[in-house]
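S.K.: One structure is given below, represented as structure tokens, and several questions about it will come after.
The values are calculated or read from the model by the stated rules, or taken from the named source; none is laboratory data. A quick note: this is a predicted structure, and the numbers were derived from the prediction, not measured. Neighbour counts are summed over all protein chains in view; Cβ atoms, including those assigned to glycine, are modelled from backbone coordinates with ideal geometry.
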2 protein chains.
Amino acid sequence: MQTQSFRISKLVVIGAGLIGGSFALALKRAGAVAEVVGISRKPGTLLQAKQLGVIDHIGGYDEASFSGADLVLVATPVGQMGKVFSAMAPLLSAKTVVTDGGSTKQDVIALARTHLAAHLSRFVPGHPIAGTERNGPDAAFPDLFKDRRFVMTPLPDNTRSAVELVRAAWEICGAKVSELQADEHDALLAAVSHLPHLLAFALVDEFAGRHNGQRILSFSGGGFRDFTRIASSNPEMWRDIFLSNREAVSAELKLYRDKLEAVQQLLDAGDGPALEAVFERSRMARERWL
Amino acid sequence: MQTQSFRISKLVVIGAGLIGGSFALALKRAGAVAEVVGISRKPGTLLQAKQLGVIDHIGGYDEASFSGADLVLVATPVGQMGKVFSAMAPLLSAKTVVTDGGSTKQDVIALARTHLAAHLSRFVPGHPIAGTERNGPDAAFPDLFKDRRFVMTPLPDNTRSAVELVRAAWEICGAKVSELQADEHDALLAAVSHLPHLLAFALVDEFAGRHNGQRILSFSGGGFRDFTRIASSNPEMWRDIFLSNREAVSAELKLYRDKLEAVQQLLDAGDGPALEAVFERSRMARERWL
């Protein structure tokens, strides 16, 4: 970690919720940032973020807010990023590095190429693989990224110093930083993140839509609670993720539906040994991963 | 809670693992049992249970072990219960009440009708809706059932005193006791417990079976970890549950596959509002349930 020499004079966080707020809090706690300006389309979010000490100043899309900024983190839902990039583009000075926290990368990069074309050398796309089912500044906490992955998908256009600044900032937050190509990122996340979210949302909605939905849910236990925790996630954010990464998620969903068809055949055939083999392989793979 | 007058002189726990062990520990902590005898097909489990103080004595299918027992809890995988009932049947005195902790009830009742026919008035089927992905006596802890449901599916043959003894014992463990018909129990649990386990096992196995399985898993975060926690559950136990409750689980799996087909259509059509509506309904239902 490059903590010793690293210091940001001014950080601008756009979307001061769980991700943006936790990033600001982590850098503040480390003494790595002097001033945090928050920007959001929701005035209530900004007031709350300021009251909680997540940000120091409430900003907007104006010169004062962006002037002298070393780093801008765009931590809005992916669907907002086109507007955000477009609004901030004329306000960025040559020295300001921009990064984002979007859960999909190819679409964010395409938006940046459209709206931040003059600033691409200093736009470093990224994705902190961390979160909770809660959102908003009151959900933010400085340890959110501790020992979690931050995946960077740097552009060929990026300057080395911009990439290193983004890397150093996330390392100070406690994240394990790695680099991927944007398409590989999106394919991997479709599998281990986007698909499970879709499955959890679908399962709860399936039960909730029945006439005895609440009664069914009332007999669930800890397994169901954990399995569906991610179904309490932000609907707008996840709508955007699925639209952004639609093809990769669709491919994963198709593979999973084929898998379920095979499992249903084992079940209907009463094939105990084959079912147990699936469970055993699954348990072992999970233990190895943990 | 009937804690004041309730006291068991002798409890026999068959299968001294997570469920049986936690039941024994909870009753011991409450001072509600004088002596706990453990029986298991695994000698190592019994030695460990005794060393940990989960049981007082190692027993077997003999008169000494069952003589004077007020209560027997059969907490083995459902697939073992036929053998267990058959082995214990000649050893039960008229005063001994028997219950079980099986996750399915119609099949356990059928086994009891076959193997415990002479003792049906005192066999009270039950299911504590609690557990963790761990098993064995070292996973047991006395608070496992605190504020969890214990569902009884009493038989028409049961005596009132047998039902009340089982109810009182689980209430002392901190469980919220309710009664259901066995078929309703199995249908509800197929939905909220058995299906999610199948989905989690299938998802991990799907990734694990790919050439880059470990790499895929290495990019997962907390959402995936919680979603798949139940995929670390005991494969044998779950094989038995799926075989026992095959029809109900198969029906739920079919409904869920239909749901996923509908979700895939929304996804492939890029229908953002409809996807967001699914997510919103799901989140609200889950919040209401919590």
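S.K.: Starting from residues that are closer than 24 Å to B:ARG7 by Cβ and surrounded by fewer than 20 Cβ atoms within 10 Å (Cβ to Cβ), keep the ones in the stretch B:147-157 and report whichever is farthest from the chain's Cα centre (by Cα).
M.R.: B:ASP147
S.K.: Condition first: at the interface with chain B (Cβ under 8 Å from one of its Cβ atoms), touching a residue at least 24 places away in the same chain (Cβ under 8 Å) and within 20 Å of B:ARG288 (Cα to Cα). Can you find one or more residues in the stretch A:219-227 that meet it?
M.R.: Yes, some residue in the stretch A:219-227 is at the interface with chain B (Cβ under 8 Å from one of its Cβ atoms), touching a residue at least 24 places away in the same chain (Cβ under 8 Å) and within 20 Å of B:ARG288 (Cα to Cα).
S.K.: Go through the stretch B:12-35 and give me each residue that's closer than 19 Å to B:ALA87 by Cα and hydrophobic (A, V, I, L, M, F, W, C).
M.R.: Selection gives B:VAL12, B:VAL13, B:ILE14, B:ALA16.
S.K.: What pairs come up if the first residue lies in the stretch B:101-129 and is on the phi < 0 side of the Ramachandran plot, the second is buried (at least 19 other Cβ atoms within 10 Å of the Cβ) and among the acidic types (Asp, Glu), and their beta carbons are under 7 Å apart, counting only those six or more places apart or on different chains?
M.R.: B:THR104/B:ASP186; B:LYS105/B:ASP186; B:GLN106/B:ASP186; B:VAL108/B:ASP100; B:PRO125/B:ASP100; B:GLY126/B:ASP100
S.K.: Among the listed residues A:SER40, A:SER67, A:SER22, A:SER86, identify the single one that is hydroxyl-bearing (Ser, Thr, Tyr), assigned by TED's automatic domain parsing to the domain that holds A:TRP170 and either at pLDDT below 95 or touching a His at 6+ places or on another chain (Cβ under 6 Å) (or both).
M.R.: Going through A:SER40, A:SER67, A:SER22, A:SER86 in turn, the sole match is A:SER86.
S.K.: Give the stretch B:47-75 a look and list any residue that's outside any loop (DSSP other than H, G, I, E, B), closer than 15 Å to B:PHE23 by Cα and touching a residue at least 60 places away in the same chain (Cβ under 8 Å), or say none.
M.R.: Those that are outside any loop (DSSP other than H, G, I, E, B), closer than 15 Å to B:PHE23 by Cα and touching a residue at least 60 places away in the same chain (Cβ under 8 Å): B:ALA49, B:LEU71, B:VAL72, B:LEU73, B:VAL74.
S.K.: Residue check, A:HIS211 against (1) in contact (Cβ under 8 Å) with a residue 12 or more places away in the chain; (2) more than 7 Å from chain B (Cβ to nearest Cβ); (3) under 23 Å from B:ALA277 (Cβ atoms), all met but one. Which one?
M.R.: (1)
S.K.: Here is a follow-up. Restricting to the stretch A:76-88, name every residue that is in contact (Cβ under 8 Å) with a residue 12 or more places away in the chain and assigned to a helix (DSSP H, G or I).
M.R.: The answer is A:VAL78, A:GLY79, A:GLN80, A:MET81, A:GLY82, A:VAL84, A:PHE85, A:SER86, A:ALA87, A:MET88.
S.K.: Filter the stretch A:89-108 for residues that are assigned to a helix (DSSP H, G or I) and either surrounded by fewer than 21 Cβ atoms within 10 Å (Cβ to Cβ) or not assigned by TED's automatic domain parsing to the domain that holds A:ALA130 (or both) and give the result.
M.R.: A:ALA89, A:PRO90, A:LEU91, A:GLN106
S.K.: Could you tell me which of the residues A:LEU144, A:LEU165 is of a type in the set (A, V, I, L, M), modelled with pLDDT of 95 or more and part of a loop (DSSP other than H, G, I, E, B)?
M.R.: None of the others qualify; the one that does is A:LEU144.
S.K.: Right, here's the next one. Among the residues of the stretch B:244-275, what is the count of those that are of a type in the set (A, V, I, L, M), touching a Ser or Thr at 6+ places or on another chain (Cβ under 9 Å) and over 17 Å from A:GLN264 (Cβ atoms)?
M.R.: Looking only at that region, the number is 1.
Here's the yes/no breakdown for (1) among the aromatic types (Phe, Trp, Tyr); (2) at the interface with another protein chain (Cβ under 10 Å from one of its Cβ atoms); (3) touching a helix residue (DSSP H, G or I) at 6+ places or on another chain (Cβ under 7 Å); (4) surrounded by 20 or more Cβ atoms within 10 Å (Cβ to Cβ):
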site: B:ALA112; (1), (2), (3), (4): no, no, yes, yes
site: B:HIS115; (1), (2), (3), (4): no, no, yes, no
site: B:PHE123; (1), (2), (3), (4): yes, no, yes, yes
site: B:PHE145; (1), (2), (3), (4): yes, no, yes, yes
site: B:LEU188; (1), (2), (3), (4): no, yes, yes, yes
site: B:ALA191; (1), (2), (3), (4): no, yes, yes, yes
site: B:LEU195; (1), (2), (3), (4): no, yes, yes, yes
site: B:LEU203; (1), (2), (3), (4): no, yes, yes, yes
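S.K.: Being closer than 19 Å to A:ILE14 by Cα and among the basic types (Lys, Arg) narrows it down to one of A:ARG122, A:ARG149, A:ARG160, so name that one.
M.R.: From the options A:ARG122, A:ARG149, A:ARG160, the qualifying one is A:ARG122.
S.K.: How about the stretch B:158-189: which of its residues are within 28 Å of B:ALA118 (Cβ to Cβ) and of a type in the set (A, V, I, L, M)?
M.R.: Across the stretch B:158-189, the qualifying residues are B:ALA162, B:VAL163, B:LEU165, B:VAL166, B:ALA168, B:ALA169, B:VAL177, B:LEU180, B:ALA182.
S.K.: Check the stretch B:259-281 and report whether any residue there is within 7 Å of chain A (Cβ to nearest Cβ) and closer than 18 Å to A:PHE219 by Cβ.
M.R.: no
S.K.: Mind checking whether some residue in the stretch B:239-249 is surrounded by fewer than 24 Cβ atoms within 10 Å (Cβ to Cβ), under 30 Å from B:GLY79 (Cα atoms), in contact with a Phe, Trp or Tyr (Cβ under 9 Å, 6 or more places away or on another chain) and in contact (Cβ under 8 Å) with a residue 60 or more places away in the chain?
M.R.: yes
S.K.: Okay, next question. Name the residue, out of A:GLY53, A:GLY60, that is closer than 21 Å to A:GLY174 by Cα and of a type in the set (Gly, Ala, Ser).
M.R.: Checking each option against the conditions leaves just A:GLY53.
S.K.: Being in a loop (DSSP other than H, G, I, E, B) and within 12 Å of B:LEU46 (Cβ to Cβ) is the filter here, so list the residues in the stretch B:12-36 that pass it.
M.R.: Across the stretch B:12-36, the qualifying residues are B:GLY15, B:ALA16, B:GLY17.
S.K.: Got at least one residue in the stretch A:208-230 being acidic (Asp, Glu), in contact with a helix residue (DSSP H, G or I) (Cβ under 7 Å, 6 or more places away or on another chain) and modelled with pLDDT under 95?
M.R.: yes
S.K.: On the phi > 0 side of the Ramachandran plot and more than 7 Å from chain A (Cβ to nearest Cβ): does that describe B:GLY174?
M.R.: Yes, satisfied.
S.K.: Let me ask you something else. Residue under question is B:ASP62, and the condition is that it be farther than 22 Å from B:LEU116 by Cα, acidic (Asp, Glu) and either over 22 Å from the mean Cα position of the chain (by Cα) or buried (at least 21 other Cβ atoms within 10 Å of the Cβ) (or both); does it hold?
M.R.: Criteria not met by B:ASP62.
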